[in-house]
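The values are calculated or read from the model by the stated rules, or taken from the named source; none is laboratory data. For clarity, every value in this text was computed on a predicted model and none was experimentally measured. Glycine gets a Cβ as well: all are built from the backbone with ideal geometry, and neighbour counts include every protein chain shown. When the accessible area is computed, the model is the full protein with side chains, heavy atoms only, and any ligands, DNA or RNA have been set aside. Shrake-Rupley method; radii C 1.70, N 1.55, O 1.52, S 1.80 Å.
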Amino acid sequence: MKVALDSGLFATMMFSYNVVENHNKGLFTHAHQQKIGTFAMKPLAGGFIPDARRALRYIAANPHVNCLLVGMSSPAEIEANVMALDEGPLAPEETRQLEQWAAQAGYEFCRRCGYCLPCPQGIDIPTVFLLEGYYDRYELQGWALERYRALSTPASACRNCGLCEVKCPYLLPITAKLAKADKKLAGD
Ligand code: SF4
Ligand code: SF4
């Protein structure tokens, strides 16, 4: 991404940024310094962060973010988000509490980086967790079940070799999470 930002070819950058996935914060600073407009994708981590109000205020406090891309499904959600932003940036104590929560909760959240791949059994680990997220948080249960059943290798094919877990930079308990996702998504 830095190479792209330095190329002079782009006017804007769009990248994931939320309290759980804030390790790329430096990219927003870099883009800002290059006078490139920035869009923060997934400020609510795909619905993973329960306190939407604080999550939005956390991102909006970064002066190097020009625009937040938030999925909204009703006028009420638009109003709630606008009201949250009207409250201004989080106070330092609120920021500390939110980051503390994220540090704990982050052990459950797949960032879809793909470092755990390849799985010798052929399981597409990040896609399994992505579909589980759609099932749990997007009210798209039917769609998630259908997509899961279309995968060439279900999570139940896991042989607990542990290769993926040593490669995950976020120390996710992948095998336990896969078993949980499979129970949910492969159900009759
Ligand atoms: S533990 Fe399971 S999911 Fe992970 S690499 Fe081994 S077989 Fe694949
Ligand atoms: S390495 Fe960890 S965070 Fe990255 S895709 Fe795999 S399970 Fe998700």
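Here is a check on your reading of the model: is Cys119 open to solvent by 40 Å² or more (accessible area, probe 1.4 Å) and hydrophobic (A, V, I, L, M, F, W, C)? Show your work before the answer.
Values: open to solvent by 40 Å² or more (accessible area, probe 1.4 Å): no; hydrophobic (A, V, I, L, M, F, W, C): yes.
In short, no.
Among the residues of the stretch 161-173, the one identified as aliphatic (A, V, I, L, M), touching a residue at least 24 places away in the same chain (Cβ under 8 Å) and part of a helix (DSSP H, G or I) is Leu163. Whether any residue in the stretch 149-172 is closer than 14 Å to Phe109 by Cβ, within 11 Å of ligand 2 (Cβ to nearest atom) and of a type in the set (A, V, I, L, M) is what I want to check. Taking every residue of the stretch 149-172 in turn, at least one turns out to be closer than 14 Å to Phe109 by Cβ, within 11 Å of ligand 2 (Cβ to nearest atom) and of a type in the set (A, V, I, L, M).
Only a single criterion out of (1) more than 12 Å from ligand 2 (Cβ to nearest atom); (2) in contact with a Lys or Arg (Cβ under 6 Å, 6 or more places away or on another chain) is not satisfied by Pro126, namely (1). In the condition set (1) β-branched (Val, Ile, Thr); (2) open to solvent by 70 Å² or more (accessible area, probe 1.4 Å); (3) touching an Asp or Glu at 6+ places or on another chain (Cβ under 8 Å), Val128 is compliant with all but (2). Among the residues of the stretch 47-60, those identified as part of a loop (DSSP other than H, G, I, E, B) and surrounded by 13 or more Cβ atoms within 10 Å (Cβ to Cβ) are Phe48, Ile49, Asp51. Residues in the stretch 106-116 that are open to solvent by 60 Å² or more (accessible area, probe 1.4 Å) and aromatic (Phe, Trp, Tyr) were compared, and the one that is nearest to ligand 2 (Cβ to nearest atom) is Tyr115. Filter the stretch 131-160 for residues that are out of contact with any helix residue (DSSP H, G or I) (no Cβ under 9 Å at 6 or more places or on another chain) and assigned to a loop (DSSP other than H, G, I, E, B); which is least open to solvent (accessible area, probe 1.4 Å)? Ranking the qualifying residues of the stretch 131-160, first place goes to Thr153.
Results for (1) part of a loop (DSSP other than H, G, I, E, B); (2) touching a residue at least 40 places away in the same chain (Cβ under 8 Å), shown as yes or no for each residue.
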position: Phe39; (1), (2): no, no
position: Gly88; (1), (2): yes, no
position: Glu93; (1), (2): no, no
position: Tyr115; (1), (2): yes, yes
position: Ile123; (1), (2): yes, yes
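Farther than 23 Å from Glu132 by Cα and either surrounded by 14 or more Cβ atoms within 10 Å (Cβ to Cβ) or modelled with pLDDT under 95 (or both): which single residue out of Leu44, Leu27, Leu9 fits that description? Spell out how you get there, then give the answer.
On the way: Leu44 fails: farther than 23 Å from Glu132 by Cα; Leu9 fails: either surrounded by 14 or more Cβ atoms within 10 Å (Cβ to Cβ) or modelled with pLDDT under 95 (or both).
After applying the criteria, what remains is Leu27.
Candidates Leu163, Leu178: the one that is within 12 Å of ligand 1 (Cβ to nearest atom), at pLDDT 95 or above and open to solvent by 60 Å² or more (accessible area, probe 1.4 Å) is Leu163.
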